[in-house]
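Everything below concerns the one structure shown next.
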Amino acid sequence: MKHLLQMLRDFSGFAADGQPDSGQRRFSLFNSIRLLLMAAGLTAMWYLAGAAGLNPEEDRLWERVRAAQVHLSQWRQSNGNATGLENDPWNCGLIGLEWSSTTTTLGELASKRTACNPAWAVQFSRWFNELGLKPGDPIAIYSSGSFPGLLLNAIAASEAMQLKPLLIVSLGASTWGANHPDMPWPVLAAELRRSGFIHKRADYYTLGGGAELGHGLSPEGEALLRKAAEASGVELLTADKLQQMIALKSGILESFQPKVFINIGGSQANLGDALEILRLQPGLVTDAELDHAGNGVIGFAMRNDIPVLHMLNLKSISDRVGIPYDGSPRKMVLARVNTWWSGAGLVLFFIVLFTHRRWRLEPAEN
């Protein structure tokens, strides 16, 4: 009992006569300071590893992309092309059909809606800044028609930063992409340019589908895409087989010497036909992923030390950058995850946890 009373007095900071014990007060003060310093340190690390709001330039970019989407949705409705918009609850204007003559493969509706979020334009601009890009720098955007939302976001971000994009688009699209027979990407892009939301016209088109030569498309669908490319005045790249298309697109990339290569979607020449490409981590690719680069244009870019942004498997990228998957396009903070700061916070917490003492035992008086 005597020892228990002594422990209680130590914990409370009072001596046996009821007066404050100076040693215990110093001990309690030291502990309080430790906990306050830990709290301050964790707060700082949370900020450094946490979310970043939109700066004024990012806010304007977000608004521009969102205005373009709303315009497209209204334009489609006014022109009697509203089929498919029932699957577009946020009026992005870039959601296509479940199936059509220009459809190449199956796609996921939630992924196509996620691609429309204007937050991707902000994320592209942050990637560009992370890569140290400056106005006038050349970049390459090779996209399928499957993700018109991402394509709009990438073009808008590049133009906002005054970059010089090379643009090659595969016209065939998976389900829910730019697969409306009356509104393939060339038609959507023309309206966006006419309304002043973007300025960049594609440099080249491919048919998409198998080998990007239209394999798997119906004759009707292929004819529609050829007509759209011709009407837009953009050259349609042709080859005899996949490897020739890969070489053709890689040669264009090599001549352009971009500061970054952006792959959007699953155009076959971009990916190649080697199975290791399926293991390539989406997002901003690191040199450590070279073994998974494949034998397509992505692999060519990586082997030539061109940074790669691989925009496929949006669920994975969304989780990492903080863009809601299949969420409404609203202004929000994007994650700015820094693994080092997060790890340092955990280390600090466990150091304090295992060294912190709530009381101190002293020898009992005789």
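A short reminder: the numbers here are calculations on the coordinates, not readings from a lab. These numbers were taken from a predicted model, which means no experiment stands behind them. Every residue, glycine among them, receives a Cβ derived from its backbone with ideal geometry; neighbour counts consider all protein chains shown.
Subtract the Cα-Cα distance of residue 33 and residue 348 from 0.36 nm times their separation in residues, and report this length gain in nm to one decimal.
Numbers: separation 315, 0.36 × 315 = 113.40 nm, distance 1.47 nm.
Stretched fully, the residue 33-residue 348 segment lengthens by 111.9 nm.
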Over region 53-330, calculate the relative contact order: mean separation of alpha carbon pairs under 8 Å at least 6 apart, over the residue count, as a percent.
20
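Expected output is a single nm value to one decimal: the length gained when fully extending between residue 330 and residue 305, i.e. 0.36 nm times separation in residues minus the C-alpha distance. What is it? Intermediate results must be reported in sequence, preceding the final value.
Details: separation 25, 0.36 × 25 = 9.00 nm, distance 3.60 nm.
Gain in length upon complete extension: 5.4 nm.
List 144, 32, 174 from most exposed to least, where exposure is judged by having the fewest other Cβ atoms within 10 Å. It would help to have the intermediate numbers written out before the result.
On the way: 144 34, 32 10, 174 23.
The fewest-first ordering by Cβ neighbours comes to 32, 174, 144.
Would you kindly state how much longer the chain becomes between residue 290 and residue 319 on full extension, computed as 0.36 nm times their sequence separation minus their alpha carbon distance, in nm to one decimal?
Values: separation 29, 0.36 × 29 = 10.44 nm, distance 2.30 nm.
Gain in length upon complete extension: 8.1 nm.
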By a straight-distance test (C-alpha under 18 Å), which aspartates and glutamates pair with residue 259 as possible cross-link partners, with residues fewer than eight away in the same chain excluded?
130, 137, 159, 203, 287, 305
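What's the Cα-based Rg to Rh of region 53-330, Rh via Kirkwood? The partial results should precede the final answer.
Working: Rg = 17.0 Å, Rh = 18.3 Å.
Result: Rg/Rh = 0.93.
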Points 7 angstrom from Cα along the Cβ direction at residue 77 and residue 106: gap in nanometres?
3.2
